[in-house]
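The values are calculated or read from the model by the stated rules, or taken from the named source; none is laboratory data. None of these values were measured; they are calculated from a predicted model. Every residue, glycine as well, gets a Cβ built from its backbone with ideal geometry; the counts of neighbours run over all protein chains shown.
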Amino acid sequence: MEGKEENHRVIFHLGDMVRIKEGPFTSFTARIEGINQAKSLLKVTVNIYGRATPIKLQFSAVEKIEFTSPDQPPQWDSPPSH
């Protein structure tokens with residue numbers, strides 16, 4: 001399946017938490033701040049060294065995070081320390 005997207009569609013909403021799957025922010029957690037359905041782009045905010053940093057990503061570059069307990073709020077990931 002080279003170059004093909006999966007057939008199922010993920011529905012994104014403002015405020016959803018996603019995990020980044022590719023690029024320099026791989027494995028970071030981000031919050032959706034904007035959605036462009038026509039271009040399949042998300043504007044997300046990633047917390048980098050305590051600062052909220054906006055970035056744009058393709059839908060395919062993220063996976064939606066599902067929380068099983070309403071008592072567990074989403075947590076920001078910190079960048080790996082070297």
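Would you call Ser60 modelled with pLDDT of 90 or more and either surrounded by fewer than 16 Cβ atoms within 10 Å (Cβ to Cβ) or among the small types (Gly, Ala, Ser) (or both)?
So Ser60 fits the description; yes.
Scan region 14-47 for residues that are part of a strand (DSSP E or B) and in contact with a helix residue (DSSP H, G or I) (Cβ under 8 Å, 6 or more places away or on another chain) and jot them down.
Ile20, Leu41, Leu42
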